[in-house]
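So the structure is just underneath, and the comments pick up after that.
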Amino acid sequence: MKLLTAIQKAIPDKKAFDNVHLKLLYSNMHPETREEVVYRRNGRSVDKIIEFDIQTNSKVKTTHYDYFNDKKIRSIDEFDRKTGKKLRTINYVLYKSIDEFDPETGKKLRTINFNVKDETKISSIQEYDQETGKIVTISIYKRDGRTVSIIKKIDPDTEKVTNWVNNSNTNFKPAEPLKPSVPTRCYDNIKKVMDSSEKEDIAKLIDNLYRNNLRFENI
């Protein structure tokens, strides 16, 4: 009886679970997912951990670890619990970024890039064309990580910026490339600035030189 009494005291009753802290404490007693650990070829370091929904058996999350340090997370893939299709990927290489995907087509919708020094602040957002998969819009944020500074529109075919908008809602168009100028001949300018009297003097000089059979190298 003493043993039974001790067990009953150790296990919280139903009322105890009404406490929020106890709910969190005992939430793992009935896990909603199961984990599958995938090791690298050396059999010691962890490559990734895959979580599956127990009811649907669909993939919920995959955590990829750094090759040289299996305690450091490289990226996390999150999936829809019902369909098992990828919803987003959180990357931690160099800086934090989030790739969001269309659950129906699996194509990338946009990429959110965060500040290198503060991962709570957005530095830029890239949006993708669903047909080509190329970037069509880039939104650049200010230092506060919340206010958009510039929005660039890109042609997916040429991959060139077509226009952009700053935070004052003023539309801009990219500057046209400079056309190469046609080189002018040095004597073209001489003709323009030379008056008629100078031309007559030069003509008389040439006539005198030829009349006296004088060579130019003797001048």
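The values are calculated or read from the model by the stated rules, or taken from the named source; none is laboratory data. Predicted model, so just to flag it, every value in this text is computed and none were measured. As a convention, Cβ positions derive from the backbone with ideal geometry for all residues, glycine included, and neighbour counts pool all protein chains shown. Accessible surface areas use protein heavy atoms only, side chains included; no ligands, DNA or RNA. Shrake-Rupley method; radii C 1.70, N 1.55, O 1.52, S 1.80 Å.
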Quiz item: When ranked by the protection proxy of mean other Cβ atoms within 10 Å per residue, highest first, what sequence do the peptides 155-166, 132-143 form?
Solution: 132-143, 155-166
Exercise. Keeping every protein chain in place, order Ser123, Ser75 by accessible area at 1.4 Å, biggest value first, i.e. largest first.
Key: Ser123, Ser75
Quiz item: So how much slack lies between Asp118 and Glu131, counting 0.36 nm per residue of separation and subtracting their Cα-Cα distance, in nm?
Solution: 1.3 nm
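Over 21 Å between C-alpha atoms is what I'm after, so list which of Lys121/Lys160; Lys85/Lys121; Lys85/Lys108; Lys61/Lys107; Lys134/Lys160 land there.
Pairs exceeding the cut-off: Lys121/Lys160; Lys85/Lys121.
Stretch Val38-Lys160 to full length: gain in nm at 0.36 nm per residue minus the Cα-Cα span?
So the chain would gain 39.7 nm between Val38 and Lys160.
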Practice problem: Take the Cβ-Cβ distance between Gln55 and Lys107 as r, set R0 to 25 Å, and report the resulting FRET efficiency rounded to the nearest 0.05. | Solution: 0.35
Quiz item: Within segment 25-96, which chymotrypsin sites (Phe, Trp or Tyr not before Pro) sit in a loop by DSSP and count at most 15 neighbouring Cβ atoms inside 10 Å?
Solution: Tyr26, Tyr67, Phe68, Tyr92, Tyr95
